[in-house]
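Written below as structure tokens is the structure these notes are about.
The values are calculated or read from the model by the stated rules, or taken from the named source; none is laboratory data. As the structure is a computational prediction, the values presented were derived from the model and not from experiment. Cβ coordinates were reconstructed from backbone atoms using ideal geometry, including for glycine residues, and neighbour counts include every protein chain displayed.
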Amino acid sequence: MPTYDFINQETGDIEEYIFKISEYDDFVENNQHLKRVFTGAPSMVRSNGGIKNDAGWNENLSRIAEANPGTALANKVGGLSTKAVKSRDAASKHGIGNKGTYKIDF
């Protein structure tokens with residue numbers, strides 16, 4: 001519930017009240033001696049700082065990642081087994097799979 005600051009016009013004290021938004025109009029009407037004041041910027045409430053993806057969206061991301069291996073999305077989301085990721089990283093480290101010619105020394 002939101003917090004509201006009011007100044008008591010009779011005493012000059014700032015008072016803090018907590019009630020539902022739907023109760024605001026009735027409160028102001030029943031407390032004519034109080035005047036709303038803003039002591040600071042309103043606070044923003046966030047549960048976890050972001051949007052939580054549901055299972056359906058995560059499934060779509062996995063399908064896109066599987067269809068586009070080697071992309072940033074595929075690296076982030078996954079879709080590959082641990083063995084496949086390690087094999088890809090080892091091949092990349094040794095230059096296997098890169099376009100071009102290879103020199104083999106005997």
Take residues that are at pLDDT below 85 and tell me which of the helices (runs of 4 or more DSSP H) falling wholly in the chain contain 1 or more. 55-67, 72-77, 82-93
Could you list, in sequence order, all residues of segment 15-30 that are within 19 Å of G40 (Cβ to Cβ), loosely packed, with under 12 Cβ neighbours inside 10 Å and either touching a strand residue (DSSP E or B) at 6+ places or on another chain (Cβ under 8 Å) or acidic (D, E) (or both)? E16, I18
